[in-house]
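Structure first, then comments.
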Amino acid sequence: MEDGVQMDSTDQEQPRGKRSRVFTILFFIVGALVVLGAVTLFQRRAQYQALAEETETLAIPTVAVIHAPVESTEEDLVLPGAMQAYVDSPIYARTNGYLKKWYHDIGSRVHQGDLLADIDTPEVDQQLSQARADLNTAQANANLSKITAVRYQELIKTDGVSKQEVDNAVGDLEAKVASVNSAEANVRRLEDLESFKHVYAPFSGVVTRRSVDTGTLINAGNGGASQQLFVLAQTDPIRLYVSVPEAYAPSIHAGLGAFLELTQYPGQRFEGKVVRTAESIDPGTRTLLTEVDVPNHAAALLPGGYAQAHLQVKVTGARLAVPVNALLFRSEGLRAVVVDANHKTHLKSLTIGRDYGTTLEVLQGLDPNDWIVLNPADSLEEGQEVHVKEVSLSHPPGQPTAPPPSPAPGTKKQ
């Protein structure tokens with residue numbers, strides 16, 4: 001009996017142990033799942049927070065900023081320009097024919113009145129001969145009418161002719177005299193036209209172009225470049241036109257000293273002076289057209305060449321050289337975007353001086369310590385928060401550079 005009781009209790013304890021182990025395993029599995037779920041939730045929450053922070057950070061644009069270099073505090077007003085001949089004239093024919101001979105080629109220096117070319121004009125010659133014959137006929141008819149009129153005026157005294165016949169004779173004489181005058185005018189016209197067969201230099205200068213050769217058909221008139229015989233240029237003195245910015249216009253006047261510098265003549269200065277201005281600001285460019293004349297006795301200056309004109313105005317004051325890619329063209333005018341110490345943007349109005357091509361001279365509106373935004377987006381507005389990144393600025397040749405100022409708070413060095 002005791003053995004039976006022990007066997008029953010043992011049999012009962014075995015299922016209970018199994019169930020206990022199963023519950024323990026299930027408990028650990030559930031605990032692991034709960035822990036894994038909690039970890040996953042925490043990870044996702046951290047990811048969401050990081051994404052939100054990154055999105056917020058990316059919502060604030062990052063801009064490249066520079067300090068604009070300061071130009072020299074005192075210098076001449078230097079402006080580019082193209083040299084032109086003092087007188088530059090195309091020579092056309094005034095009569096029809098064929099080019100018989102030319103006497104001067106390109107580069108030839110001629111004086112006023114020198115013969116440049118001869119034109120063969122057979123048609124004009126024949127027209128002149130016919131006009132002279134018509135003049136002789138008109139003169140003969142006029143002489144006959146004069147004799148008749150004088151005779152009738154004598155006969156009327158003896159009542160040999162009627163008054164009507166005298167009046168007819170006198171009227172015929174007047175008509176014949178008018179015909180003579182017309183024929184003489186026609187002869188003079190053709191003589192002048194025939195004189196144009198000789199082409200003379202209208203002024204002293206150099207032949208810069210010859211467009212015809214012996215035997216070329218010549219048509220009278222300026223029917224385009226194809227009808228040009230020669231181009232004659234007077235190169236002493238030579239003139240240079242420069243466009244002076246409106247801000248400097250009050251300082252420009254006739255007699256102002258000036259000199260030219262050319263890259264092909266390093267270290268040389270060609271002295272001249274301002275001779276005239278347009279006395280009017282061009283509304284398209286906001287500049288004053290100014291002419292500078294320079295003596296050119298040695299013919300060192302060539303028409304069409306490029307030169308830098310130094311106008312001795314003595315420009316003073318702080319002026320900045322700002323890259324053109326740092327400017328905004330708005331309907332209200334030219335603007336530059338600057339960033340303050342709090343990383344807020346401000347749009348500043350500018351007063352522009354000279355145009356150097358890749359940079360512009362700024363007279364008013366900016367400070368040397370301003371952080372100027374390069375390539376500003378059109379969407380940038382006043383007071384917008386931005387991140388800044390300082391970049392180096394390559395300075396144009398000949399432009400002085402300012403010492404580097406201290407960086408603004410929070411900027412990153414490139």
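Go through P90, Q126, W102 and say which Cα lies farthest out towards the positive end of the charge dipole of region 77-134; charges sit on Cβ, +1 for Lys and Arg, -1 for Asp and Glu.
Farthest towards the positive end: P90.
Keeping all protein chains in place, calculate the accessible area per residue for region 322-383 (probe 1.4 angstrom), answer in Å². Don't jump to the answer; show the numbers that get you there.
Values: 2950 Å² over 62 residues.
Ligands and nucleic acids excluded, the figure is 48 Å² per residue.
What order do T277, T208 take when sorted by accessible area (1.4 Å probe), most exposed first? Intermediate results must be reported in sequence, preceding the final value.
Working: T277 30, T208 70 Å².
Result, largest first: T208, T277.
Residue by residue, what Karplus-based ³J(HN,Hα) values in Hz, rounded to whole numbers, does region 301-313 have, using 6.51, -1.76 and 1.60 with θ = phi - 60° and x for Gly and Pro?
Running phi through 6.51 cos²θ - 1.76 cosθ + 1.60 with θ = phi - 60° gives 9, 10, x, x, x, 9, 8, 9, 9, 9, 8, 7, 9 Hz.
For a protection proxy built on the mean count of beta-carbon atoms within 10 angstrom, sort 180-190, 79-89 highest first, please. It would help to have the intermediate numbers written out before the result.
Numbers: 180-190: 15.8, 79-89: 17.6.
Ranking, from highest mean packing down: 79-89, 180-190.
About the Cα centre, and with charges only on the beta carbon of Lys, Arg (+1) and Asp, Glu (-1), how big is the dipole of region 148-296? Nearest 20 debye, please.
On the way: 14 positive and 19 negative charges, 76 e Å.
For this selection, approximately 360 debye.
On a 1.4 Å probe surface of the protein chains, which of R330, R354, R209, R21 comes out largest in accessible area, and what is the full order? Before the final figure, lay out each step's value.
Values: R330 55, R354 5, R209 120, R21 145 Å².
Listed by decreasing accessible area, they come as R21, R209, R330, R354.
Per residue of region 347-354, what does 6.51 cos²θ - 1.76 cosθ + 1.60 with θ = phi - 60° give for ³J(HN,Hα)? Whole Hz please, x for Gly and Pro, Karplus curve as stated.
With coefficients 6.51, -1.76 and 1.60, one gets 9, 10, 6, 10, 10, 9, x, 8 Hz.
So how much slack lies between S182 and S89, counting 0.36 nm per residue of separation and subtracting their Cα-Cα distance, in nm? It would help to have the intermediate numbers written out before the result.
Numbers: separation 93, 0.36 × 93 = 33.48 nm, distance 3.48 nm.
Contour length minus the Cα-Cα distance gives 30.0 nm.
Return one whole number: the accessible area per residue of region 234-301 in Å², for a 1.4 Å probe. Write down the numbers at each step before the final one.
Values: 3510 Å² over 68 residues.
Averaged over the residues of region 234-301, the accessible area is 52 Å².
Assuming R0 = 56 Å, can you tell me the calculated FRET efficiency for the pair E174 and A300, based on Cβ-Cβ distance, to the nearest 0.05?
Values: r = 66 Å, r/R0 = 1.19.
That gives a FRET efficiency of 0.25.
Only four residue types carry charge here, +1 at the Cβ of Lys and Arg and -1 at the Cβ of Asp and Glu. Report the dipole size of region 154-234 about the Cα centre in Debye, rounded to the nearest 20. Kindly include the intermediate steps, with their values, before the conclusion.
Working: 8 positive and 11 negative charges, 140 e Å.
Once rounded to the nearest 20, the dipole reads 680 debye.
With a Förster radius of 51 Å, plug the Cβ-Cβ distance of R276 and N143 into 1/(1 + (r/R0)^6) and report the FRET value to the nearest 0.05. Show your work: numbers first, answer last.
On the way: r = 60 Å, r/R0 = 1.17.
Approximately 0.30, to the nearest 0.05.
In nm, give the distance between the simple-model label positions of K389 and S211, each being 7 Å from the Cα along the Cα-to-Cβ direction.
Here the answer is 5.7 nm between the modelled labels.
So what are the ³J(HN,Hα) numbers for region 151-158, from phi and the Karplus equation (6.51, -1.76, 1.60; θ = phi - 60°), rounded to whole Hz, Gly and Pro as x?
Each residue's phi maps through the Karplus curve to give 4, 5, 5, 6, 5, 5, 5, 9 Hz.
Could you work out how far apart the two model spin labels at D159 and Q49 are, taking each label as a point 7 Å from the Cα in the direction of the beta carbon, and quote it in nm?
The answer from the label model is 14.9 nm.
Please list, ordered by chain and number, the residues whose modelled amide H lies under 5 Å from the amide H of V388; skip anything fewer than 5 residues away on the same chain.
Long-range HN contacts for V388: V63.
Ignoring ligands, DNA and RNA, what percent of the 1.4 Å accessible area of region 269-362 is carbon and sulfur?
With neighbouring chains kept in place, the figure for region 269-362 is 55 percent.
If amide H atoms are built 1.01 Å from N in the plane of the peptide, which residues on other chains or at least 5 residues away come under 5 Å of the amide H of S204?
Amide H to amide H, under 5 Å and 5 or more residues apart or across chains, S204 pairs with Q112.
Skip the ligands, DNA and RNA, and give the accessible area per residue of region 67-173 with a 1.4 Å probe, whole Å².
Values: 6320 Å² over 107 residues.
On a per-residue basis, 59 Å².
What is the calculated FRET efficiency for N222 to T351, with r their C-beta to C-beta distance and R₀ = 35 Å, to the nearest 0.05?
Numbers: r = 45 Å, r/R0 = 1.29.
That pair, N222 with T351, gives E of 0.20.
Non-local amide H neighbours of L360 (under 5 Å, H modeled in plane, Pro and chain starts lacking H): which ones?
Amide H to amide H, under 5 Å and 5 or more residues apart or across chains, L360 pairs with V322, V324.
The values are calculated or read from the model by the stated rules, or taken from the named source; none is laboratory data. Every value quoted in this text rests on a predicted model; they were computed, and no experiment measured them. A quick note on method: Cβ atoms are made from the backbone with ideal geometry, for glycine too, and the neighbour counts reach across all protein chains shown. Protein only, heavy atoms only, side chains kept; ligands, DNA and RNA dropped before computing areas. Shrake-Rupley method; radii C 1.70, N 1.55, O 1.52, S 1.80 Å.
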